[in-house]
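Readers should treat all values here as calculations from the given coordinates under stated rules, not as data from a laboratory. Note that the coordinates shown come from a computational prediction; the quantities given were computed from them, not determined experimentally. Methodologically, a virtual Cβ is constructed for each residue, glycine included, from the backbone with ideal geometry; neighbour enumeration extends over all protein chains shown.
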Amino acid sequence: MTSDHKLRRQNGIVAGVCGGLAAFYGISPFWFRLLFIILLVPGGLPGVVPYILLWIVIPRRRRR
């Protein structure tokens with residue numbers, strides 16, 4: 001694993017969680033955003049809690 005392939009938050013709409021996950025897995029951030037929106041439908045907490053936990057756990061991208 002190279003140093004460029006680490007899980008880091010990207011500059012994004014809210015906290016960069018979806019952009020960071022998308023960059024790590026090599027897919028579009030749209031799919032992660034859609035997943036979190038779908039998880040918000042049953043009452044909010046199933047989508048908000050994982051997002052906030054990932055926001056805290058995933059480190060911010062270093063500025064160059």
Report the relative contact order of the stretch 8-57, percent, no decimals, based on alpha-carbon pairs under 8 angstrom and at least 6 residues apart. 26
Once the piece of chain linking ARG60 and VAL48 is laid out straight, how much longer is it, given 0.36 nm per residue of separation minus the C-alpha distance between them? 2.4 nm
Per the 1/(1 + (r/R0)^6) rule, R0 = 22 Å and r from the Cβ atoms of LEU34 and ARG8, FRET efficiency to 0.05 is 0.55
Theoretical gain in end-to-end length, VAL41 to ILE27 [0.36 nm per residue, Cα-Cα removed]: 2.7 nm
Who wins for biggest fluctuation among GLY20, GLY43, GLY12 in a Gaussian network model of the chain, springs between alpha carbons below 10 Å? GLY43
Assuming 1.306 mPa s and 10 °C, estimate D for the chain with Stokes-Einstein, Rh taken as the Kirkwood radius over Cα pairs, in µm²/s. 131
Magnitude of the charge dipole, the chain, Cβ model with Lys/Arg +1 and Asp/Glu -1, debye to 20: 400
